[in-house]
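A.B. asks: Attaching a single structure in C-alpha cells format; questions to follow.
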Amino acid sequence: MKTKQLIENEKKYLMQTYTQPDMVLDRGEGLKVWDLEEKLYYDFIGGIAVNALGYCHLKVVEAIKNQAEKLIHCSNLFYNEPQIILAKKLVEISCGDKVFFGNSGAEVNEGAIKLAVKYFKEQNKDKHTIIYMKNSFHGRTIGTLAATGKYKYQKDYLPLLPKFKQAIFNNLNSVKEAVNDQVAAIIVEPIQGEGGINIASKEFIEGLRKLCNEKDILLIFDEIQCGLGRTGKVFAYQYYNIEPDILTLAKPLGGGLPIGALIAKEKVASSFKPGDHGTTFGGNPVVCATAIAYLKVLQEENLIAKCKEKGEYFKKKIEELKEKYPKFIKEVRVIGLMVGLEIEKNGSEVVKKCLEEGVLINCTAGNVLRFLPSLIVKEEEIDYLIGVLDKIFKKI
Ligand SMILES: Cc1ncc(COP(=O)(O)O)c(C=O)c1O
C-alpha cells in the first residue's frame, strides 16, 4: 500500500526523467537490498558503480557520523581538513599533482574542459576545440552533453556548444583526422561504461598519448565509472603504458555521497587561478571524510586484488553461459568487475525478468546487459546471478 501511494506521488511531484520499476528501495547491506515490501534483491548494478563497498559499509557510516558531528559544511571561503587530506591521498595514488573537488561526474568533466581551455589561454594559444568519442558518456550538462557521443541524448538540445568534434573509439585514424591547430584536448573513457563496456585497445590509448604529445593537445581520461578499483587496478590508465594530463573521478569515491574529483598535472593545474572556477558544495567536509574512508577500506580490505580475482571468476562463469547460448549471447566483455554481456536483442526484457527473480541489473546501449557489482561481491552471489540468467535465457 505504502509503495503504491509513494509511486503515485512520485509521478505527481517529480519530473519524469527516469524509468523505474514498481518498487521502492528501503535498506541495504553488502550486496543485498530490500524494498518496502521486504522483498530481497541482489544488486549487480551497485548504484551504477557507486556502491563499490556495498550498501552501508560500517566504515563509511562511521566516517559520515563522526564528521557530521564535527563540521558539516563551511564553504570554500575557508579551509577544511578532510578536503586537504583527501586531495593529498588522491595525488599520492594517482599520476596527478593537484585536485579540484566538485559534486558529480558531469561537474568535474566540465571543470576538465574549462581547465584545458584555460591552459592554452594562459599561453595565448587559440586552442579550444575538444575531441570526444562516439558512444562516449561524459554527463548531461550542456558542456558535457556536447562531448557525449550519443545522438539520443543530444538531439533535443541542439544546437549544442560548437568546438566539440566526434571521433571513433578505438580508431586512431579517425582521431588524427579530427585534429587541427585549434584542438585543446581529447577526452576519452578508457573503458566506455554507458557505451556498453567497450575496452580501449592498447594501440589506441598509446596512439592517443603520442598524438597529444606531438600536437600539443591535453589528454583527459574520464575514469568516473571505471576508476578507483573497479577494473582491478586503482586506475584504468594503469593498464596502458601512459598517463593522462587530466583525470576525472566520481562515482565510488564518496562511498555513496556525491563527489567528483578533477585531477591534473601541475603544469596544467596551475593555470586555474583564484576565481577561475568554483562550487559551493565541492570538497564538503563530510563527503571528503567519507571518501578518505573509502580509500582506506580499498587498501585495508585488499579490494583491488579481490576485484581482479572476483572479476576472473565472473568472466569464467559468464563465458560458460556464452558457450551454452552461443547465438543469444553475442559477446562478453569483462575487465575487473565491469562486465558487459552483449545479447542479440534489446535487454529490457532480461532486466525485468531479473528483477522478478530478485536480481538488479541494467541494460545499456540497447542490448548490453551491464553488471557493476560491489567489489565485495561473493562467489556464491555471482553463482546466484548466473543461475538466474541461465533460467531466463532458457525461456527466451
Ligand atoms: C564515464 C562517465 N562520465 C561521466 C558521468 C556523469 O556523471 P554524473 O552522473 O555523476 O554527472 C558518468 C555517469 O554515468 C559516466 O559513467
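Bear in mind that the values in this text are calculations on the coordinates, not laboratory data. Bear in mind the structure is a predicted one, so any value in this text is a computation, not a measurement. Glycine gets a Cβ as well: all are built from the backbone with ideal geometry, and neighbour counts include every protein chain shown.
A.B. asks: Calculate, in nm to one decimal, what GLN238 and TYR153 gain on full extension: separation in residues at 0.36 nm each, minus their alpha carbon distance.
C.D. replies: Here the segment from GLN238 to TYR153 would lengthen by 27.6 nm.
A.B. asks: Further, regarding this structure: Go ahead and run the numbers for FRET between ASN173 and GLU81, Cβ-Cβ distance against an R0 of 41 Å, rounding to 0.05.
C.D. replies: Efficiency at R0 = 41 Å is approximately 0.25.
A.B. asks: Something else now. Select from VAL179, CYS74, LEU58 the residue farthest towards the positive end of the dipole of the chain; place +1 on Cβ of Lys and Arg, -1 on Cβ of Asp and Glu, and compute about the Cα centre.
C.D. replies: My answer, from the dipole projection, is VAL179.
A.B. asks: Sticking with the crude label model, points 7 Å out along Cα→Cβ, report the distance from CYS56 to PHE328 in nm, one decimal please.
C.D. replies: About 3.5 nm separates the two model spin labels.
A.B. asks: When only Cα pairs under 8 Å and 6 or more residues apart are kept, what is the percent relative contact order across the chain?
C.D. replies: RCO, the chain: 22 percent.
A.B. asks: Given LEU228, TYR294, ILE335, which one lies farthest toward the positive end of the charge dipole of the chain, if we put +1 on the Cβ of every Lys and Arg and -1 on the Cβ of every Asp and Glu?
C.D. replies: In the chain, that residue is ILE335.
A.B. asks: Now, a different point. In whole Hz and in residue order, list the ³J(HN,Hα) couplings for the range 381-386 that follow from phi through the Karplus curve 6.51 cos²θ - 1.76 cosθ + 1.60, θ = phi - 60°; x for Gly and Pro.
C.D. replies: So the Karplus estimates, Gly and Pro as x, are 6, 5, 4, 4, 4, 4 Hz.
A.B. asks: What 222 nm value per residue comes from the helices of the chain, counting each DSSP H run with n ≥ 4 as -39,500 (n - 2.57) and dividing by all residues, nearest 500 deg cm²/dmol?
C.D. replies: Mean residue ellipticity, 222 nm, calculated: -12000 deg cm²/dmol.
A.B. asks: Looking at this model, which pairs from LYS165/LYS233; LYS4/LYS317; LYS327/LYS352; LYS114/LYS210; LYS233/LYS317 are more than 28 angstrom apart at the alpha-carbon?
C.D. replies: Correct reply: LYS165/LYS233; LYS4/LYS317.
A.B. asks: Mind listing the Cα extents of the chain along all three principal axes, in Å, largest one first?
C.D. replies: 62, 53, 45
A.B. asks: Among residues other than ILE386 whose Cβ falls under 11 Å from its Cβ, what is the net charge (Lys/Arg +1, Asp/Glu -1)?
C.D. replies: Overall, the nearby charge balance is -3.
A.B. asks: Pop out the ³J(HN,Hα) list for the range 283-300 in order, Karplus 6.51 cos²θ - 1.76 cosθ + 1.60 with θ = phi - 60°, rounded to Hz; leave Gly and Pro as x.
C.D. replies: So the J values, rounded to whole Hz, are x, 4, x, 5, 5, 5, 4, 5, 5, 4, 5, 4, 5, 5, 5, 3, 6, 5.
A.B. asks: Quick one: dipole size for the chain, taken about the Cα centre, charges +1 on Lys/Arg Cβ and -1 on Asp/Glu Cβ, in debye to the nearest 20.
C.D. replies: With only Lys, Arg, Asp and Glu charged at Cβ, the dipole is about 620 debye.
A.B. asks: Find the percent of Cα-Cα distances in the range 83-283 that exceed 21 Å, and round it to a whole number.
C.D. replies: Cα-Cα pairs of the range 83-283 separated by over 21 Å account for 47 percent.
A.B. asks: What's the angle, to the nearest 10 degrees (0 to 90), between helix 58-70's Cα axis and the longest principal axis of the chain?
C.D. replies: Once rounded, the angle reads 50 degrees.
A.B. asks: Express in nm, to one decimal, how much length is gained between GLN5 and THR17 on full extension, taking 0.36 nm for each residue of separation and deducting their alpha carbon distance.
C.D. replies: So the extension gain works out to 2.4 nm.
A.B. asks: Can you tell me the order of 100-109, 290-299 when each peptide is scored by its average per-residue count of other Cβ atoms within 10 angstrom, highest first?
C.D. replies: Descending mean neighbour count gives 100-109, 290-299.
A.B. asks: Just to confirm a number: summing +1 for Lys and Arg and -1 for Asp and Glu over residues other than TYR151 whose beta-carbon lies under 15 angstrom from that of TYR151, what do you get?
C.D. replies: +4
A.B. asks: What net charge do the residues around PHE328 carry, taking every other residue with its C-beta under 13 Å from that of PHE328, with Lys and Arg at +1 and Asp and Glu at -1?
C.D. replies: Net charge around PHE328: +1.
A.B. asks: Between ASN180 and LYS88, what is the spin-label point distance in nm, taking each point 7 Å from the Cα along the Cα→C-beta axis?
C.D. replies: According to this spin-label approximation, the distance is 4.7 nm.
A.B. asks: Modelled label-to-label distance, ILE142 and GLU380, 7 Å Cα→beta-carbon offset: nm?
C.D. replies: 5.4 nm
A.B. asks: Also: Can you compute 3J(HN,Hα) from phi for each residue in the range 189-198, using the Karplus curve 6.51 cos²θ - 1.76 cosθ + 1.60 with θ = phi - 60°, rounded to whole Hz and x for Gly and Pro?
C.D. replies: Karplus values, whole Hz, x for Gly and Pro: 8, x, 10, 5, x, 4, x, x, 6, 9.
A.B. asks: Using the alpha-carbon centroid of each, what span in Å lies between the range 153-197 and the range 209-270?
C.D. replies: The range 153-197 and the range 209-270 have Cα centres spaced 16 Å from each other.
A.B. asks: Once amide H atoms are built 1.01 Å from N in the peptide plane, which residues 5 or more positions from ILE168, or in another chain, come under 5 Å H to H?
C.D. replies: LYS134, SER174, VAL175
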